Ligand SMILES: Cc1cc2nc3c(=O)[nH]c(=O)nc-3n(C[C@H](O)[C@H](O)[C@H](O)COP(=O)(O)OP(=O)(O)OC[C@H]3O[C@@H](n4cnc5c(N)ncnc54)[C@H](O)[C@@H]3O)c2cc1C
């Protein structure tokens, strides 16, 4: 593919800045470290987080099958030749080849570059549903996964000592909003954890657990065929869940969930997984071309722009980019998933290294390998073309695929070790929710913060008004 960027062999090292060290950004930097010769270029990754999150493992973090720290990969440990800057890019002025970074430690600094790689991913899509910002937890970050797990376990801890009644019912009620991939996997894993431990560890009858999955569309898992989607919904129902299709959540104020169907219930845990939206920094604060959805327009070789109007020195990949899907053709762009983000990161690095040496780039092309989802310990579903696997075999394929896919041997081994130990020792059910309030004891005469404190405090506040 023709590129407008000239070769720079023999000149000063190219300054490459990667905005976002998630899937696509991490793989771009990792590959560049392998491909670039010393002195050819300097690579800087900017991310407010010091780690890349292996998001497909978040549902298993909810279930306690994977240690939270094992689902993230330290940028500083694994990107040894890359400079890691802890901060968020607030805007990109590509005309001036400058990204502005708000450092996590405070202050805004300009970062000049020759090549910018935009891999800042997406954000959780929200709708103006009253109560969501105060009551709901998302499922995109490791901290959110830990908070969901700890909230459930704390709820079980508290409910175990309560008599039957509204307080106990509320604590044993969990609501997931959004039946896409992340929502269904997270929901199924949490349900699996709750059912497995309720009777044995808390003396709670699993029949008391109320798990609601609310989906606005007429089906869950739009990525799979309709018959597989129906099968998954039935499977969840069979496990005791309520799947509300064609239903929206209209309010969750004070933990009271109102559905468009008129149903209303109190819920001790509300998880918001209603899809993703364009990263606002990318959509609004760069002079790079974006489409109507706020995604960066790129050519098939991942250089920003179009064949007619390429933007030299700018590249993008992953959820933040509208990458032409050559395997599908037409105007299709690749779906936002890890399968693509990883491969796009690698292709981008190869193309960037090629351009640095005055060579031609190659287009990104990847046909989907299929869809695989966990539905709780020992259960899953896999679909690739006409091949469908359900149940235990699909779950084994799921674990096998992901342990191979998580970057670095160090992480693979840690995950495998915890899976292996879990098979013999069972699930770990301690909630460390009080880490959210480490100073509580100092402020309240040595008392221990417990999860319902927040609710009590807000009730007291309301009463005082
Ligand atoms: C729960 C869950 C389960 C999933 N399961 C699967 C699965 O099984 N299979 C699959 O293929 N896909 C799965 N996905 C989707 C997949 O994880 C994403 O598509 C993939 O992470 C996208 O990669 P990315 O590099 O574009 O973005 P990300 O991996 O999200 O990385 C973006 C990075 O940019 C950083 N960033 C954001 N804003 C800025 C800024 N202003 N400045 C600097 N840095 C910034 C972020 O901190 C982050 O580190 C799942 C997603 C979720 C949430």
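Among the criteria (1) more than 26 Å from residue 52 (Cβ to Cβ); (2) buried (at least 20 other Cβ atoms within 10 Å of the Cβ), the one residue 372 does not fulfil is (1).
The residues in the range 251-285 that are surrounded by fewer than 16 Cβ atoms within 10 Å (Cβ to Cβ), within 11 Å of the ligand (Cβ to nearest atom) and in a strand (DSSP E or B) can be counted, and the count is 0.
If you go through the range 65-85 and keep only what is more than 10 Å from the ligand (Cβ to nearest atom) and under 23 Å from residue 111 (Cα atoms), you end up with 74, 76, 77, 78, 79, 80, 81, 82, 83, 84. Restricting attention to the range 374-415, the residues that are in contact with a helix residue (DSSP H, G or I) (Cβ under 9 Å, 6 or more places away or on another chain), closer than 27 Å to residue 323 by Cβ and either assigned by TED's automatic domain parsing to the domain that holds residue 327 or in a loop (DSSP other than H, G, I, E, B) (or both) add up to 3. Every test in (1) modelled with pLDDT of 95 or more; (2) more than 21 Å from the chain's Cα centre (by Cα); (3) under 27 Å from residue 399 (Cα atoms) is passed by residue 185 save one, and that test is (2). Just one of the numbered conditions (1) within 16 Å of the ligand (Cβ to nearest atom); (2) outside any strand (DSSP E or B) is not true of residue 297: (2). The set of residues in the range 316-360 that are in a strand (DSSP E or B) and surrounded by 19 or more Cβ atoms within 10 Å (Cβ to Cβ) comprises 316, 321, 322, 324. Residues of the range 102-128 that are touching a residue at least 40 places away in the same chain (Cβ under 8 Å), surrounded by fewer than 19 Cβ atoms within 10 Å (Cβ to Cβ) and more than 10 Å from the ligand (Cβ to nearest atom): 104, 112, 125, 126, 127. With respect to (1) within 16 Å of the ligand (Cβ to nearest atom); (2) not in a loop (DSSP other than H, G, I, E, B), the lone exception for residue 313 is condition (1).
Return the residue satisfying two criteria in turn: it lies in the range 301-310 and is more than 25 Å from residue 53 (Cβ to Cβ) and not in a strand (DSSP E or B), and of such residues it is nearest to the chain's Cα centre (by Cα). Here the residue is 301. Assigned to a helix (DSSP H, G or I) and either free of Cβ contacts under 8 Å to residues at least 40 places away in the same chain or within 16 Å of the ligand (Cβ to nearest atom) (or both): does that describe residue 145? For residue 145, the condition - assigned to a helix (DSSP H, G or I) and either free of Cβ contacts under 8 Å to residues at least 40 places away in the same chain or within 16 Å of the ligand (Cβ to nearest atom) (or both) - is met.
The values are calculated or read from the model by the stated rules, or taken from the named source; none is laboratory data. Owing to the predicted nature of the structure, the values given are computational and were not obtained by experimental measurement. Positions of Cβ are generated from backbone atoms using ideal geometry, with glycine treated the same way; all protein chains shown enter the neighbour counts.
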